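Take a look at the structure set out below.
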Amino acid sequence: MTTLTLHATGPVTPAEAWDRYLHPARWSSWAPQILGVVTDAERIAQGVTGRVRGPLGVTVPFVVDEVDDASRRWRWTVQVGPARMSLLHWVTSGPDGGTTTGLRVRGPLPLAAGYAPAALVALHGLVR
């Protein structure tokens with residue numbers, strides 16, 4: 001297992017960035033690797049499950065492990081074949097009224113390292 005931490009800063013307000021995380025229907029608007037999300041939930045909350053649709057028809061199941069609105073942090077687990085990745089996201093105030101967002105990915109090294117470039121693009125999309 002390995003852990004990678006990524007960050008991005010942009011002009012979007014922390015409230016807007018957090019709202020983009022809270023609503024799975026919005027994920028594909030800022031994360032180009034997400035083509036859609038199948039879930040019964042309009043908003044993430046502990047225990048919410050679903051599937052993320054990615055490129056080439058790939059879908060991966062997920063479960064939301066925790067959501068902390070007060071600190072604008074949430075964690076979910078994604079199952080990729082036999083491997084699991086835990087993704088911890090957070091949103092904080094950035095410079096000049098913008099936002100800094102972070103992601104801590106924990107999973108098998110090849111999977112985490114392979115996901116990192118797409119995740120970084122998505123983080124930048126979240127805060128722009």
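Structure summary
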| quantity | calculated |
| --- | --- |
| Residue-count net charge about L4 - beta-carbon cut-off 12 Å; Lys, Arg +1, Asp, Glu -1 | +2 |
| The chain: angle of helix 109-126 to the longest principal axis, Cα-based, in degrees nearest 10 | 40 |
| Label zone at V80, where the point sits 7 Å out along the Cα-to-Cβ direction: region 1-41 residues whose backbone N lies under 14 Å | 1-5, 33-34 |
| Proximal charge balance of W30 [Cβ under 12 Å; K/R count +1, D/E count -1] | +1 |
| Net charge contributed by nearby residues that have their C-beta within less than 15 Å of I44 (K/R +1, D/E -1) | 0 |
| Pair-distance profile P(r), taking every C-alpha pair of the chain, with 5 angstrom steps and integer % | 2, 11, 21, 26, 23, 12, 4, 1, 0 |
| The chain, accessible surface, carbon-and-sulfur percent (1.4 angstrom probe) | 57 |
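The values are calculated or read from the model by the stated rules, or taken from the named source; none is laboratory data. Quantities reported herein were computed from a predicted structural model and do not represent experimental measurements. A quick note on method: Cβ atoms are made from the backbone with ideal geometry, for glycine too, and the neighbour counts reach across all protein chains shown. Heads up: the accessible areas ignore ligands, DNA and RNA and are worked out on the full protein's heavy atoms, side chains in. Shrake-Rupley method; radii C 1.70, N 1.55, O 1.52, S 1.80 Å.
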